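Trainee: Can you read through this structure? Questions will come right after.
The values are calculated or read from the model by the stated rules, or taken from the named source; none is laboratory data. Computed from a prediction, not measured in an experiment: that's the story for all the values here. Note that each Cβ is placed from the backbone with ideal geometry, even for glycine, and that neighbours are counted across all protein chains shown.
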Amino acid sequence: MTVDTQQVLAELQRITTSPGFRARKLIKKFLHYVVQESLAGRGNQLNQYTIAVNALDKSADFSPIYNPMVRIEAGRLRKLLDDYYSNVGHLNTVMIRMPKGSYQVEFQACTSQPLAYFSDEVQHHISEGPRLFVHFQMLHADHNNVYPLLYKVRGDLLLILSRFRNIRLVSSASMDTGHPLSGQRLCDVWDIYRADYLLTCDVNPGGGTMELCFSLAHTQTNETVWRGTIALPTAPCADTLQAMYRQITANTVSLHCGLMLQHWAQHWHNSMTNVPGHHQVLVAYLHFLRAMSLETFTQVLQVCRQRLKYFPHDSKALVIFARLCAFDGVLQYRLIKDRDQLWTQSARLAMKLDVGNAEAHSVFAHNSYMRGDYALCRAELDVAQQANPFDLSGEYLRGIGLCMLGDWDAGVALIQQLMQVPCNKPDWYYVLPFLYAFNRGDYLQALAHAEHIQQFGYWGELARCVSCYHLGHHARAQTEWQCLQQKYPDLLRSERLSNSRFLSDPAFQSLWRTLHLMICHHESHSDS
């Protein structure tokens, strides 16, 4: 049966980025080669020698008689393809098979409806986020001098996006020249590639600069989620390019402020259908990050525990559970029994299952600090930064780690740099700058930061209360204190604070001392 070449290549991309293939470099090279040769009509010429030399980087003196690696890898490839198509692949429009006794692959057209991809019958073993397709296009074809830079930007951006674990970069179109995406091709992004979102970059060269116009759209509704225009010199320095990449990722795929993740989670919340099992944990976690409360925390904790009950090796769910352990301590919810032990176990297992996961290393670094292993904390922070230096959320976690280690100047400086990136950052990014200003005695600046903290547990009322007290705004301080008592009546019980290593850090002790002074001041005035 005749199958469209573009559909085959799209299916190849889906296979090689699926969980079973993601970490198998040799198998992916094998599959890429035999697919390309079969598409080119040379499949009947494939043999152990040609595959070993042309695909698996073996030397010209390779001998299949003495080295059976091609037969072994072919057997593994057939098994992986069978597993893939018994899981989610059977819902795709094209199937790629390698029959036994041959290295030539076959392409079979399927009649399954693409929308069935999100069926609840699909049991993914690893939680996933939204899928992203990227498309670059030149609106004017007469500016060949900017092509080298444009290809570099495109290549860099694709590599950077592939480091983000909360999204799936499913494919990317080649560079187009003078052919804007038509409505039909926009539909193809969903129908063929199953991508939830399309990130396009229209390039307008002119003079010594070029204008990059980015647009992020939801493929199923054609709703524009984000637009951004960046003017780039034709000979930009490395710092300029890095600042651009960080701005793009911060506004689109970053966990704390990426609009694609926010829109995706909200879309599932508003959907009339149930959220698929492999999306539930991340959807609930994103909802908690946008609206922090005991209720949303309880919801995501329940979803996460349920997921790990049936899929204990779900690396994404493990990372989120480790982060929930951290939030449970900082926000003093105290809902996770044996929190520190479970935090350590989940972070360690996540790093083992998903090597190079920057967020897993960050959350394990914070856990190492809680366990008193400061050297390991510093080392893990460095590993996380190397794994993904372009993730604004990861850099924020690094800033927290530096502050916990006592390097407040470096930690807050890093967070302040992140605050300069034009994107919609959560209000709890202001907590550490508040603490830094408060402990330096700059209470006016501390109050300015505190005014921004609205949805981070008790921290907003606490920060405004102590800042106003030091500034002599006693009426405002009393109002914030009363609000704090109403919402969190047992927060300041000594036994609660003594059980939290994070809140017993010297950097936080000045807050509790100020509250004690304020309480004594209020009681003395009440007695008089």
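Trainee: LEU259 - would you say it is buried (at least 16 other Cβ atoms within 10 Å of the Cβ), assigned by TED's automatic domain parsing to the domain that holds ALA360 and either modelled with pLDDT of 95 or more or hydrophobic (A, V, I, L, M, F, W, C) (or both)? Walk me through it before giving the result.
Mentor: Working: buried (at least 16 other Cβ atoms within 10 Å of the Cβ): yes; assigned by TED's automatic domain parsing to the domain that holds ALA360: no; either modelled with pLDDT of 95 or more or hydrophobic (A, V, I, L, M, F, W, C) (or both): yes.
Here the answer is no, as LEU259 does not meet what is asked.
Trainee: Please count how many residues of the range 395-424 are out of contact with any Ser or Thr (no Cβ under 6 Å at 6 or more places or on another chain) and within 30 Å of TRP226 (Cα to Cα).
Mentor: Qualifying residue count, the range 395-424: 19.
Trainee: When you check GLN455 against the structure, is it surrounded by fewer than 20 Cβ atoms within 10 Å (Cβ to Cβ), touching a Pro at 6+ places or on another chain (Cβ under 9 Å), under 29 Å from LEU376 (Cα atoms) and not aliphatic (A, V, I, L, M), yes or no?
Mentor: Details: surrounded by fewer than 20 Cβ atoms within 10 Å (Cβ to Cβ): yes; touching a Pro at 6+ places or on another chain (Cβ under 9 Å): yes; under 29 Å from LEU376 (Cα atoms): no; not aliphatic (A, V, I, L, M): yes.
For GLN455, the condition - surrounded by fewer than 20 Cβ atoms within 10 Å (Cβ to Cβ), touching a Pro at 6+ places or on another chain (Cβ under 9 Å), under 29 Å from LEU376 (Cα atoms) and not aliphatic (A, V, I, L, M) - is not met.
Trainee: Cβ-Cβ distance below 7 Å, separation of 6 or more or different chains: which pairs start in the range 507-518 with a residue that is over 15 Å from GLN485 (Cβ atoms) and end on one that is at pLDDT 80 or above and surrounded by fewer than 17 Cβ atoms within 10 Å (Cβ to Cβ)?
Mentor: Final answer for the pair search is ALA507/ASN439; SER510/ASN439.
Trainee: I need the full set of residues from the range 267-318 which are closer than 19 Å to TYR197 by Cβ and small (Gly, Ala, Ser), in order please.
Mentor: SER271
Trainee: I'm checking my understanding of the structure. Among residues of the range 245-282 that are part of a helix (DSSP H, G or I) and among the hydroxyl-bearing types (Ser, Thr, Tyr), which one is farthest from TYR429 (Cα to Cα)? Walk me through how you get there before you give the answer.
Mentor: Of the residues in the range 245-282, the ones part of a helix (DSSP H, G or I) are 245-252, 259-270, 277-282.
After this cut, where a residue has to be among the hydroxyl-bearing types (Ser, Thr, Tyr) as well, the list is 245, 249, 252.
Values: TYR245: 21, THR249: 17, THR252: 18 Å.
The selected residue is TYR245.
Trainee: Here's something else I'd like to know. Can TYR469 be described as over 22 Å from ALA326 (Cα atoms), surrounded by 13 or more Cβ atoms within 10 Å (Cβ to Cβ) and modelled with pLDDT of 80 or more? Reasoning before the result, please.
Mentor: Working: over 22 Å from ALA326 (Cα atoms): yes; surrounded by 13 or more Cβ atoms within 10 Å (Cβ to Cβ): yes; modelled with pLDDT of 80 or more: yes.
Answer is yes for this residue.
Trainee: Whether any residue in the range 446-465 is outside the structural domain of LEU397 (by TED's automatic domain parsing), over 26 Å from ARG290 (Cβ atoms) and of a type in the set (Ser, Thr, Tyr) is what I want to check. So that I can check it myself, show each step before the final result.
Mentor: Filtering the range 446-465 for residues outside the structural domain of LEU397 (by TED's automatic domain parsing) gives 446-465.
Imposing the further condition that a residue be over 26 Å from ARG290 (Cβ atoms) reduces the set to none.
Checked the range 446-465: no residue is outside the structural domain of LEU397 (by TED's automatic domain parsing), over 26 Å from ARG290 (Cβ atoms) and of a type in the set (Ser, Thr, Tyr).
Trainee: Go through (1) buried (at least 24 other Cβ atoms within 10 Å of the Cβ); (2) out of contact with any Cys (no Cβ under 7 Å at 6 or more places or on another chain); (3) small (Gly, Ala, Ser) for ALA317 and report which single condition fails.
Mentor: (2)
Trainee: If you don't mind, another one. (1) among the hydrophobic types (A, V, I, L, M, F, W, C); (2) assigned to a helix (DSSP H, G or I); (3) over 19 Å from ARG323 (Cα atoms): which one isn't true of VAL421, the others all being true?
Mentor: The failed condition is (2).
Trainee: Can you confirm whether TYR458 is under 30 Å from the mean Cα position of the chain (by Cα) and either modelled with pLDDT of 95 or more or among the small types (Gly, Ala, Ser) (or both)? Steps first, answer last, please.
Mentor: Values: under 30 Å from the mean Cα position of the chain (by Cα): yes; either modelled with pLDDT of 95 or more or among the small types (Gly, Ala, Ser) (or both): no.
It is false that TYR458 is under 30 Å from the mean Cα position of the chain (by Cα) and either modelled with pLDDT of 95 or more or among the small types (Gly, Ala, Ser) (or both).
Trainee: Among residues belonging to the range 387-410 that are without any contact (Cβ under 8 Å) to a residue 24 or more places away in the chain and outside any loop (DSSP other than H, G, I, E, B), point out the one that is surrounded by the fewest Cβ atoms within 10 Å (Cβ to Cβ).
Mentor: Going through the qualifying residues, I end up with ASP409.
Trainee: Let me ask you something else. Which of (1) outside the structural domain of ALA450 (by TED's automatic domain parsing); (2) within 28 Å of ALA446 (Cα to Cα); (3) crowded, with 23+ Cβ neighbours inside 10 Å does ALA347 not meet, given it meets every other one?
Mentor: Unmet condition: (2).
Trainee: Does any residue of the range 239-248 turn out to be at negative phi, surrounded by 21 or more Cβ atoms within 10 Å (Cβ to Cβ) and among the hydrophobic types (A, V, I, L, M, F, W, C)?
Mentor: Restricting attention to the range 239-248, the residues satisfying the condition of being at negative phi are 239-248.
From what's left, surrounded by 21 or more Cβ atoms within 10 Å (Cβ to Cβ): 246, 248.
Now narrow it down to the ones that are among the hydrophobic types (A, V, I, L, M, F, W, C): 248.
Looking through the range 239-248, at least one residue is at negative phi, surrounded by 21 or more Cβ atoms within 10 Å (Cβ to Cβ) and among the hydrophobic types (A, V, I, L, M, F, W, C).
Trainee: While we're on this one: Return yes or no: is THR229 more than 20 Å from the chain's Cα centre (by Cα), part of a strand (DSSP E or B) and at pLDDT 90 or above?
Mentor: Values: more than 20 Å from the chain's Cα centre (by Cα): yes; part of a strand (DSSP E or B): yes; at pLDDT 90 or above: yes.
Yes: the conditions hold for THR229.
Trainee: List, please: which pairs have Cβ atoms under 8 Å, are six or more places apart or on different chains, and start with a residue in the range 266-281 that is free of Cβ contacts under 8 Å to residues at least 24 places away in the same chain and surrounded by 14 or more Cβ atoms within 10 Å (Cβ to Cβ) and end with one that is of a type outside the set (Gly, Ala, Ser) and assigned to a loop (DSSP other than H, G, I, E, B)?
Mentor: That search, which allows pairs on different chains as well, returns TRP268/VAL275.
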